[in-house]
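One structure is given below, encoded as structure tokens.
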Amino acid sequence: MANEKNVSKIIKELGYEPKEHAYIVVKYAPDNTLSSKLSNFFTLEYYILQLCEKEIVFLPLQTIFFAGMFPKKEIALRIPYDTLQSVKIDEVKKTLNYEVTFTTDTDTIRLLVQKKEWREFRSAGTVATGNSFLGVGALCTASEDWKAINWHRQNLDNTFSLMQNLPQC
């Protein structure tokens, strides 16, 4: 799993300048059709969104999960701050998510971000702990330190605050 030290190390080794405690787990947001929502529900394609000094970097989590597959810079997706037109963060009603929308010079990117309060009980919560699939989620809630191991939970407020203050054109 992707623990906090590994995420920072990987981002730095790829040549980016990550901001401290400014990364979370995200997923592409589906459109409003039922088939798209169902497809998204069963998809486990998660990304680390990392705020860096000059850009936002997205790193697919599959590259971190599989042993021996160290990510290359070409795999990372990036949005330079000088292309940002707007950043919008909305709570999605009747769900356990936020929707983050980045509008750039050329495109709009919509992402889902799981709320920190329910993170350990959902599938993506396992990627932000540094533990195996069996050592997280509802199985580890009896532990006193279960909140402390989830870096998504710890970083969410800071990352949202920084995103709302990003330089925009």
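Taking Rh as the Kirkwood radius computed over C-alpha pairs, what is the Stokes-Einstein D of region 1-56 at 10 °C in a medium of viscosity 1.306 mPa s, expressed in µm² per second?
Working: Rh = 12.9 Å.
Rounded, D is 123 µm²/s.
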- Task: Can you sort His21, His152 by 1.4 Å-probe accessible area, starting with the largest?
- Result: His21, His152
- Item | Tyr28 long-range amide H proximity, modeled H, under 5 Å | Leu112
- Could you pull out every residue, at least 5 positions away or on a different chain, whose amide H is within less than 5 Å of the one on Lys115? Hs are placed 1.01 Å off N in the peptide plane, and Pro or chain starts have none. Asn97, Tyr98
- region 1-54, accessible area per residue, ligands and nucleic acids excluded (1.4 Å, Å²): 57
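The values are calculated or read from the model by the stated rules, or taken from the named source; none is laboratory data. Quick caveat: nothing in here was measured; it's all calculated off a predicted structure. SASA here: full protein model, heavy atoms, side chains in, ligands and nucleic acids out. Shrake-Rupley method; radii C 1.70, N 1.55, O 1.52, S 1.80 Å.
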